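Notes follow once the structure below has been shown.
The values are calculated or read from the model by the stated rules, or taken from the named source; none is laboratory data. None of these values were measured; they are calculated from a predicted model. Note: ideal-geometry Cβ built from the backbone for every residue, glycine included; neighbour counts use all protein chains shown. Note: areas computed on protein heavy atoms with side chains; ligands, DNA, RNA excluded. Shrake-Rupley method; radii C 1.70, N 1.55, O 1.52, S 1.80 Å.
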Amino acid sequence: MATGTTRNKVALAPGHSLMDWIRLGNSGSDLTGVGGKMLSISKSELAKHNKRTDAWLAIRGTVYNVTQYMDFHPGGVDELVRGIGTDATKLFSEIHAWVNYESILQKCVVGRLVNEELFKLPDILKAATDVSENDLNMDWFQQLGFLCFVFYTKTPYPEVSITLRQPNEFRFVLNGKTRCITLHKNVNWPCIVKIVADIGKVQVKLIKKSLGLWPTFGTISTTKTIQIDYWKCELLDSFDVTHNAKFLLFKYEQNLYNHVYPGRHIYIKANVNGHVVSRPYTPVCPLVETKEYGKISEDTLCLLVKCYPNGKLSRHLCSLSQGDSIEVSRPQGSFECWTSKTNLILLAAGTGITPMLPIIWNALHSSIKNYNIKLLFFNKKETCIIWKKYLDQKSAAYLSRLTVHYILSEEENSMGDTKGHIDENVIIKYFPSLNKDLKNEYAVCICGPPGFNKLCEKLVIQQGYKKDDYFVFG
């Protein structure tokens, strides 16, 4: 947790960089000081741990032991000491709310900050801290209006599917195993899901239909996993993005949430003139602005579709009317963003921009570090550029972190970038020279037509990038 502003950063001692901290966390050392147990911590108990050698603080309901993190804190020890022994949520939010403290302090979690009055209630009214059902590691907490389940899968990028079958029947699939929770009372849909992908932490927030504290969340059981390959989705809205590309907003017909990680895809299936046709598409949410594109919630799905003259499925999708249905598969793919890199170079041609959009969004908002992103976007003409306005807005908002270059092949470029196709000259112009100090800092993503992908991969390899340094979307 970096609570110091940029101008207040201090020089860290050798061996105390972010990478050194990550290595310490992976060494097996007990950074929690409590043997890894999940405890319920009152504010009075938290206040006892207010010394440099015994330092706890709370952020957004979670208590962390930051004793060993002191010397790794970029803002210095004194800045971090301001929050120890207290609920430091307000202090943290005022100074560095963008920092992904959950990833940085993931090995320092002591437990959950609870209301002092909780310890005066009968046991039946206390939320169980650890609910173990076979191999499930789960926690839950509540307030008057909602309850949250927290699942610790300990698996990076866990498969997550959530269904509310009845107002009090909550089903979830984690890494292929299905469980059912019969809730104490009814809840509303949709749910709100937050995932820390690199550590496999999944938080599901459910809104209660009526205010009140529950004596228990309900009962949990393992149920037989029924393999469902496709779900029906109904079209809510659509409109043109360019002369031959459309934005489509779908909603699952049942109360369903399937988590799609950045760079992952789904299969769309539809009956076209009596024939079943299926193709992969990458959801593009959340780059779009909700105020212009309707209500985008956890149970909606956003697609960007280019209508090809001979494309059976693309022409069918672009012809859909509000209320029409398609079938959507479970998320697929293997892409995982690099946590060890600080710079991303994205090469996209045409609708190859679709997997790049969620990658850009997450790199700007959800990383444990400040990624720098360079997008090289190849198109025939300026009118073909998909979502240029939004890319320009993001680039202006993150001036030092997101750079976009538009490379056109069929007309002169009024934006000052190169005219032409992907070739060695383009790579030399926009790629950094990889010396010994930089080779571990850069990663490359490639997406476009097969010929574009093949040539880009060849040129990237020639620049000295290894297989682990780039990813080609098929």
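At a glance:
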item	result
Nitroxide proxy distance, nm - points 7 Å out along Cα→Cβ at His275 and Ser319	1.3
Relative contact order (%) - the chain, alpha-carbon pairs under 8 angstrom, separation at least six	10
Two-site FRET efficiency, Asp71 against Lys177, from Cβ-Cβ distance with R₀ of 56 Å, rounded to 0.05	0.85
Surface per residue (accessible, 1.4 Å probe) for the chain, Å²	48
Within the chain, percent of DSSP bridges classed antiparallel, to nearest 5	75
Sequence ranges 357-364, 149-156, 391-398, ranked by mean other-Cβ count within 10 angstrom, highest first	357-364, 149-156, 391-398
Shape box of the chain [Cα atoms, principal axes, largest first, Å]	72, 57, 36
Protection-proxy order for peptides 467-473, 197-203, each taking the mean of Cβ atoms within 10 Å per residue, highest first	197-203, 467-473
